[in-house]
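Remarks on the structure that follows.
What follows draws every value from the coordinates through simple rules; no lab data is involved. Every value quoted in this text rests on a predicted model; they were computed, and no experiment measured them. We place every Cβ from the backbone using ideal geometry, glycine too, and count neighbours over all the protein chains shown.
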Amino acid sequence: MTHPNAVDTAAGPTLHQTHTVIFFLIAIGCLIVTVVPSVIVNRGRSWQRHVFWSGVLGVTVSVFFAAVPHWRQALGAALFSLAFMIAGAYAYTPYIKIRGKIYAFWLSDSQPDSLADASTPQDSGDPAPDAYEGLVTARKHWWAQLFAVAFFGCLLLIPGPNKPWWVSAVGVVGLVVASFGNGYLDASGRYPVARGQRLQFVIIAAITAGTFTLLYLAGYHAGNRWPLGGKSIKYGAHARHHEESS
């Protein structure tokens, strides 16, 4: 009769296996390579990008071989690691560059390498006049809000007899802040509702059964009557505001 622990060990890789430990340590080393050099070495984006993706490749390959000979688990772990690091690269770095175009969440990371690597700041104009605090475009911001609201909704709706009360409290507070806060900022900046991002706004309204919409419009009304700082936080920042005031 086979011992249960023997079955569990055979079912997948463990740190008791020498090759798993070795490749796990190599993966950690490669993961460090994706972060540390760009922080401590003052080099251009192109160099940082090559180092980062070399580290990503090393992590992916190491994770795969750490799980061998469990091929299905190895492939799944490698793909998960790769997807996780690609998501991180999009969210926090300018390292995703395809056919000369940089794909990144933040505006500062999305600008061309020639501007980012320039020794003196260059005026690239105002590529996104609807950006939130000049950091992220309205389109990206509202897609992020959709996922955030869905997360807060899950905290509220997930049932369970042993569900802590604070989980629902976090969901309520998060939903209120996201909806009322966005409305207040948009109105203070003299922008249209959701800064024109109707698709995301409608989807969020649908998944929250209109709750988000009511709170957003309440915040929008408050922003119109009592804008942040006593006036539009973006007033005078863009040409359209000058046109409105003339």
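Only residues that are over 11 Å from the mean Cα position of the chain (by Cα) and crowded, with 16+ Cβ neighbours inside 10 Å were counted across region 71-94, and they come to 8. Give me a count of the residues in region 21-61 that are polar (S, T, N, Q) and farther than 20 Å from LEU82 by Cβ. Residues that pass the stated criteria total 2. When the residues of region 140-150 are filtered to those that are under 13 Å from the mean Cα position of the chain (by Cα) and not polar (S, T, N, Q), which remaining residue is nearest to ALA209 (Cα to Cα)? The selected residue is LEU146. Residue count for region 42-69, restricted to those that are more than 16 Å from LYS97 (Cβ to Cβ) and either out of contact with any helix residue (DSSP H, G or I) (no Cβ under 8 Å at 6 or more places or on another chain) or of a type in the set (Asp, Glu) (or both): 2.
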